[in-house]
Amino acid sequence: MIVIASKYLIPKGYTAITLFPFIFIKDESMKNNILLINHERIHLRQQAELLIIPFYIWYVIEYFILLLVYHNKTQAYRNISFEREAYNNEHNLNYLKNRTFWKFLKFLA
């Protein structure tokens, strides 16, 4: 895990983005936000499990399907299975120690 602070690489409205093996955060102080880092570490695991490129393809396809369902960008984003898993477990700092393979499938809408 390599954490890089850069306000220019983060899309507007977001605080962080994970592009294996990097976690990009908006500013240096966010390195101390353990919940944010845990959320992004969950994404790193998901990306590794799907061999990186298929993760991004799945993510984008699921987002557009959910956009058709919800007609709302925020709702579509929050209901992507990868995001649901990360948001539901970001407070559990031991989650990745006990997480089973492809656990995000449990969070498919």
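The values are calculated or read from the model by the stated rules, or taken from the named source; none is laboratory data. Not measured: the values here are computed from a predicted model. Glycine gets a Cβ as well: all are built from the backbone with ideal geometry, and neighbour counts include every protein chain shown. Protein only, heavy atoms only, side chains kept; ligands, DNA and RNA dropped before computing areas. Shrake-Rupley method; radii C 1.70, N 1.55, O 1.52, S 1.80 Å.
With every protein chain present, what accessible area does residue 91 have (1.4 Å probe, heavy atoms only), rounded to the nearest 10 Å²?
Counting only protein heavy atoms, residue 91 exposes about 130 Å² to solvent.
Rank 87, 77 by accessible area, highest first, at a 1.4 Å probe radius? Write down the numbers at each step before the final one.
Working: 87 65, 77 35 Å².
Solvent-accessible surface, decreasing: 87, 77.
Sum up the charges of everything whose Cβ sits under 15 Å from the Cβ of residue 65, counting Lys and Arg as +1 and Asp and Glu as -1, but leave residue 65 out.
Working: positive: 73, 78, 84; negative: 62, 83.
With Lys, Arg at +1 and Asp, Glu at -1, the neighbours total +1.
Can you list the lysines whose alpha carbon sits under 22 Å from that of residue 26, skipping same-chain ones fewer than 8 residues off?
Qualifying lysines at Cα under 22 Å: 7, 12, 73.
Tally up the carbon and sulfur contribution to the accessible surface of the range 60-100 as a whole percent, 1.4 Å probe, everything protein left in place.
C and S fraction of accessible area: 55 percent.
Taking 7 Å along the Cα-to-C-beta vector as the label spot, tell me the residue 102-residue 84 distance in nanometres, rounded to one decimal.
Result: 1.7 nm between the two label points.
7 Å from Cα along Cα→Cβ at both residue 51 and residue 6: what's the point-to-point distance in nm?
Placing both labels 7 Å along Cα→Cβ, they lie 2.8 nm apart.
Lys and Arg at +1, Asp and Glu at -1: add these up for the other residues within a Cβ distance under 9 Å of residue 85 and post the number.
Details: positive: 84, 99, 103, 106; negative: 83.
Net charge in that neighbourhood comes out at +3.
Which value in nm describes the separation of the simple spin-label points at residue 14 and residue 72, placed 7 Å from the Cα toward the beta carbon?
2.1
Of the DSSP beta bridges with both residues in the chain, give the percent that are antiparallel, rounding to the nearest 5.
On the way: 4 of 8 bridges.
Antiparallel bridges: around 50 percent, rounded to the nearest 5.
Considering only 29, 4, 91, whose Cα is most displaced toward the positive end of the charge dipole of the range 1-108, charges sitting on Cβ of Lys, Arg (+1) and Asp, Glu (-1)?
Sorting the options by dipole projection puts first 91.
For the range 3-11, in order, what is each residue's ³J(HN,Hα) by Karplus, 6.51 cos²θ - 1.76 cosθ + 1.60 with θ = phi - 60°, in whole Hz (x at glycine and Pro)?
9, 10, 8, 6, 5, 7, 9, 9, x
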